[in-house]
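The next block holds one structure in the form of structure tokens; read it before the comments.
Here, each number is a calculation from the coordinates, and none is a lab measurement. Predicted model, so just to flag it, every value in this text is computed and none were measured. Counting neighbours? That spans all protein chains shown, and the Cβs are built from the backbone with ideal geometry, glycine included.
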Amino acid sequence: MRTPAGVMLIDAGIGPRTAATRMCGTGVRVADISAICLTHLDSDHFNLNWVDAVVGRGVPIYCHRTRTSDLERIAGNSDLAALLRPFGEAAFEPLAGLFCHGIDLAHDAGGSHGFVMEGFGCRAGFATDLGYVPKHLVERFESLDLLALESNYDPEMQRASGRPAFLKQRIMGGRGHLSNEQAFEAVRAILDRCERRRRRLPDHIVLLHRSRQCNCPKIVRGLFERDARIARRLVLAEQFARTEWLGTGGVVGIGEQLTLGWG
């Protein structure tokens, strides 16, 4: 996330060298990153190659208070502890003027966290790696300028894949990932709620974390574009290509590898 107060990453699933390549032409460099905010600790959301980079530059890492000890353990760098900033139920401020509110989500044993981020006249919601959509997520994702939500797999492709049965169950069992249909219904529920309460609809609806093996952009677009409200706002994040900056009034920019770790 690029703000007047600096740049923040939400998750850091690719290493700093790859991130530097993706950032070319964006106006942002790895050296500009002032904070990292983690949803959870799976390796595709925090790459351990960042440890030396953040320690060397003193970049704070915001992690839920229940996972900081796990992060210290897997990082294997005692100097990292001084940079960890645990968050809980209260709002926290990773950049001056940018306030983040964590949202508890079900994902595997340790859970995950979504965020509502507010500052500089903008409000963004982000949620990925959630096994189902809790009611409180729909309630919290109201009056957003940007909505970013996981749409991970197509159920038929998942069932037909060569993945082992235990992995399919993990993904589809309620604590893994959202299917396209689950994500579609969640987005519609958020928009319906906003309209009932006469709140604004988001300028952009970004779909995250699409499986390369068990999903397809054409399937995703075909489903989500059934709702005209979504169709004109839809952005599909790609795993290996940078997404252009998105924002409201040019104040806040969202870029795939710069904030959301899309893919």
Over the chain: helical MRE at 222 nm, DSSP H runs n ≥ 4 each giving -39500 (n - 2.57), nearest 500: -7500 deg cm²/dmol
Please build a GNM for the chain, connecting alpha carbons under 10 Å apart, and tell me which residue among Cys122, Cys63, Cys24 fluctuates the most. Cys24
Given contacts defined as C-alpha pairs under 8 Å and at least six residues apart, what's the relative contact order of the chain, whole-number percent? 19
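Given 0.36 nm per residue, what is the gain on full extension from Ala106 to Gln213 after removing their alpha carbon distance, in nm?
My answer for the length gained is 36.2 nm.
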Roughly speaking, what is the stretch gain from Asp42 to Arg197, that is 0.36 nm per residue apart minus the C-alpha to C-alpha distance, in nm to one decimal? 52.1 nm
Among (1) 0.94; (2) 1.07; (3) 1.01, the entry matching Rg/Rh (Cα atoms, Kirkwood Rh) as calculated here is (1)
Which of Met117, Met157, Met8 has the fewest Cβ neighbours within 10 Å, and the rest in rising order: Met157, Met8, Met117
What distance in nm separates the simple spin-label points at Ala241 and Glu225, each placed 7 Å from Cα in the Cβ direction? 1.5
Would you mind telling me which residue in Leu167, Leu137, Leu84 has the biggest mean-square fluctuation in a Gaussian network model of the chain, where springs connect alpha carbons within a distance under 10 angstrom? Leu167
Sort 160-166, 179-185, 107-113 for me by packing, meaning the mean count of neighbouring Cβ atoms within 10 Å per residue, highest on top. 179-185, 107-113, 160-166
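Based only on other Cβ atoms within 10 Å, what is the fewest-to-most ordering of Phe115, Phe120?
By the 10 Å Cβ count, ascending: Phe120, Phe115.
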Starting from the Cα of Ala31, step 7 Å along the direction of its Cβ; do the same at Ala160; then give the gap between the two resulting points in nm. 5.0
Rank the residues Trp50, Trp245 as a footprinting-exposure proxy: fewest other Cβ atoms within 10 Å of their Cβ go first. Trp245, Trp50
Which of these, Leu80, Leu178, Leu208, has the largest mean-square fluctuation under a Gaussian network model of the chain (Cα springs below 10 Å)? Leu80
Need one number: nm distance between label points at Glu185 and Arg232, each 7 Å from Cα along Cα→Cβ, rounded to one decimal. 2.7
Around Arg65, what is the net charge, scoring Lys/Arg as +1 and Asp/Glu as -1 over all other residues with Cβ under 13 Å from its Cβ? -2
Total charge of the residues flanking His107 in space, meaning their Cβ is under 9 Å from its Cβ, with Lys and Arg +1 and Asp and Glu -1, is -2
Which whole-number percent is the relative contact order of the range 35-136 (Cα, under 8 Å, 6+ apart)? 21
What FRET efficiency do you get for Glu139 and Ser69 if R0 is 41 Å and r is their Cβ-Cβ distance, rounded to the nearest 0.05? 0.85
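Give the peptides 124-131, 32-39 in descending order of average Cβ contacts within 10 Å, highest first.
124-131, 32-39
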Scoring only Lys, Arg, Asp and Glu (+1, +1, -1, -1) among other residues with Cβ under 12 Å from the Cβ of Gly88 yields +1
